[in-house]
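Scroll down for the structure; my scribbles are underneath it.
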Amino acid sequence: KTTTSTATFLYKKDVPSFTIGEDKFATFYSDKAYIMPEGVTGGTVTAADTESGKLTINYVYTAGTIVPAKTALLLKGEPKTYSYATKTSGDTAPAGNLLHGADAVNPEGKTSVKGTNVKYYILSHSTDDAKKLGFYWAAADGAAIKYQEPYAFLAIDAAGSAPIMLSIDGDDDTTAINGITNDTITDNTMYNLAGQRVNANAKGIIIINGKKVIKR
């Protein structure tokens, strides 16, 4: 049975927070500076080598550090919802980050990053293996997608860029892309509150086409 949920979205003005799911990874973007909560580390993606199959992830935002406004991150930590405190800061978001958020969206609400052959990816599970978490094409041919707040998306500008899956399996700054896949997300794809794609057997609060529902 599926019913419409009135649950509060995880990005709130009164008590801002984000959720990290069972995979211990999530993406997040905020237009305000904030203090990284205890138990969480955030990283930017600083390079993508599609020939060698590697992304470079710079995990520099540890607990207690200030994350500048408009910084899109890959978060890692234990599965839970984390509250954080906003902070006035003159620091700017780091340059060269391949992760983006609401600052890279066009008037139609779709992802929009400058480049000659930009492909878009989101953190999700493989349709072939529900346990395989990675960055996948979010639409056919890596086309632009409808942005969903407050998550981050990956944009890579590379001629002939193929769909890729980033295997998140260690704490090293450089994380290998272990495989190439042709997964695409279609309408009615389901996500958990951490922005990760889930299969049809998932229970609890699920996001479908931008709306929250409760699956029992």
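The values are calculated or read from the model by the stated rules, or taken from the named source; none is laboratory data. This is a predicted model, so every value here is computed, not measured. As a convention, Cβ positions derive from the backbone with ideal geometry for all residues, glycine included, and neighbour counts pool all protein chains shown. When the accessible area is computed, the model is the full protein with side chains, heavy atoms only, and any ligands, DNA or RNA have been set aside. Shrake-Rupley method; radii C 1.70, N 1.55, O 1.52, S 1.80 Å.
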query = What is the spin-label model distance, in nm, from ALA200 to SER17 if the labels are put 7 Å beyond Cα along the C-beta direction?
reply = 3.2
message = Between the stretch 75-91 and the stretch 17-56, how far is it from one alpha carbon centroid to the other, in angstrom?
response = 11
Formal net charge of residues neighbouring THR111 (Cβ-Cβ distance under 13 Å; K, R +1; D, E -1) = 0
task = Please work out how much accessible surface SER83 shows to a 1.4 Å probe, ignoring ligands, DNA and RNA, in Å² rounded to 10.
result = 70
Per residue accessible area in Å² of the stretch 75-144, where ligands, DNA and RNA are left out and the probe is 1.4 Å = 53
key: Sum of side-chain charges, TYR147 neighbourhood, beta-carbon under 12 Å (Lys, Arg +1; Asp, Glu -1)   = -1
note = Reported to the nearest 10 Å², VAL60 has, with a 1.4 Å probe, an accessible area equal to 70
query = If you project the alpha carbons of the stretch 82-151 onto their three principal axes, what span does each projection cover, largest first, in Å?
reply = 43, 33, 23
